[in-house]
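First up is the structure itself, then whatever we jot down about it.
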Amino acid sequence: MRALHHSPAGVRALFLAAGALFATWGVHVPTVKVHHGVGEQALGLAMLAMGVGACLGLTQAGRLIGRWGPRTVLWVAAVISPMTLAFLLIGHAYALVVAMVFTFGLVSSTFDVAMNVAATDLERQSRRPVMSGFHGMFSAGGMVGAGFGALALQAGMTPLHHLWLSCAVCLLLGCWGASQVQSGCEGDGGAASFTVGGGALAFMGVLAALGLLCEGAMYDWSVLYLRQEQGAAPGQAAWAYASFSGAMAAGRFGGDWVRARLDAGVLLRGSALLAACGMGVALGAPGAFWALIGFALVGLGLANVVPLLFVAAGRVPGVSPAHGIAVVSAMGYLGMMGGPALIGVVAQAYSLKVALAQVVLFALILAAASRRALAGP
């Protein structure tokens, strides 16, 4: 094992760009729905295609990073990811949407693992909690991306022009961040074949799936919920994503301080319970304002779930950080992408409010499952 000296600023830029890209997708979910004339079920299936692409990418992420190093992987992904989203509003073919979001999932998932490997290297070198702060930049990117989308749409910018401008900025930011990462990665074994196995790593993956299912529901459905169920205007509805991401960013920027003082299992359980309460507030809200408060509580509750699990996955004995993070990410993405697709099916059959009530249930299951998880210092 050799010490690496990735630039913390560069790694933060990568997380910021990734968060802004996901926000750009979230803001334009209603736009895609209207532009292509599809229902919630078809939209949910497109999100499932994104999840399939993500899981496929994650099965190869450890191998690619082990062979080429995180820097090369990040460079390629930083270029391709925003380019796929830029084509979402071109033409009126639903098949094009499915192809683009599949590719986006495939490439962005590999991007996600590579930047988390770099962040894990930095936390190991600093010998103090820093991972939550990096994930805070992801949430900050989501907040900035969604906030810019809301302001741009309210100001009269066309959805297509906003989409292209956002993707261009994310491309430049991602490429700069990739240039600040060293070409290697700590440790060996990154090229090992993808296996989940059992024990701690598999259990972390289950918890990640539950947490990211709730998170994915907010990314993909919160804007549409505020617009469709609360009657908000397009620009106002975009603040749903911003309130969720802003609160999540605040929770993550303070998360390293909390992680240094609380048992990881206790923090995970408390976080899941807060998310369940927040979703309950959003669904029972009499108007858009209280729904935004509820979404913010969900963001604050989910803030440290993924950082806790990724740090633990990167420290499993006998497993390379790239492989551990890839396994937990793969199982997590099944929840993040498969869950919103399930919500789309239920929303089509009943209503979006009924479908999102599942988030409360999933958060409560996460709280119960984390009772014995990540215990100890």
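The values are calculated or read from the model by the stated rules, or taken from the named source; none is laboratory data. What you see is a predicted model, and the numbers here were worked out from it, not measured in a lab. Note that we place each Cβ from the backbone using ideal geometry, even for glycine, and neighbour counts take in every protein chain shown. SASA here: full protein model, heavy atoms, side chains in, ligands and nucleic acids out. Shrake-Rupley method; radii C 1.70, N 1.55, O 1.52, S 1.80 Å.
Table for the structure above
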| item | result |
| --- | --- |
| Selection within the stretch 30-40 - open to solvent by less than 30 Å² (accessible area, probe 1.4 Å), at pLDDT 85 or above and among the hydrophobic types (A, V, I, L, M, F, W, C) | VAL32 |
| Condition check for LEU300: surrounded by fewer than 24 Cβ atoms within 10 Å (Cβ to Cβ) and either more than 21 Å from TRP257 (Cα to Cα) or in contact with a helix residue (DSSP H, G or I) (Cβ under 8 Å, 6 or more places away or on another chain) (or both) | yes |
| Single residue of MET115, MET131, MET143 found to be modelled with pLDDT under 85 and open to solvent by less than 10 Å² (accessible area, probe 1.4 Å) | MET131 |
| Selection count where residues are farther than 17 Å from PHE15 by Cα and of a type in the set (Lys, Arg), scope the stretch 53-86 | 2 |
| Output for the stretch 57-81, where each listed residue is crowded, with 24+ Cβ neighbours inside 10 Å and under 23 Å from GLY339 (Cα atoms) | GLY57, LEU58, ALA61, SER81 |
| Hey, PRO307 closer than 25 Å to ALA61 by Cβ, without any contact (Cβ under 8 Å) to a residue 12 or more places away in the chain and not small (Gly, Ala, Ser) or not | no |
| Meets criteria (open to solvent by less than 40 Å² (accessible area, probe 1.4 Å), within 15 Å of GLY270 (Cα to Cα), modelled with pLDDT under 85 and not in a loop (DSSP other than H, G, I, E, B)) for SER370 | yes |
| Failed condition for ALA54, given (1) crowded, with 24+ Cβ neighbours inside 10 Å; (2) at pLDDT 85 or above | (2) |
| Odd one out for LEU43, checked against (1) open to solvent by less than 10 Å² (accessible area, probe 1.4 Å); (2) over 22 Å from LEU212 (Cβ atoms); (3) of a type outside the set (Lys, Arg) | (2) |
| Some residue of the stretch 90-106 being open to solvent by 10 Å² or more (accessible area, probe 1.4 Å), within 22 Å of PHE244 (Cβ to Cβ), touching a residue at least 60 places away in the same chain (Cβ under 8 Å) and small (Gly, Ala, Ser) | no |
| Leading residue by the ranking (modelled with the highest pLDDT) among those in the stretch 305-332 that are touching a Ser or Thr at 6+ places or on another chain (Cβ under 6 Å) and open to solvent by less than 10 Å² (accessible area, probe 1.4 Å) | VAL305 |
| Within the stretch 250-264, tally of residues that are under 15 Å from ALA296 (Cα atoms) and at pLDDT below 85 | 0 |
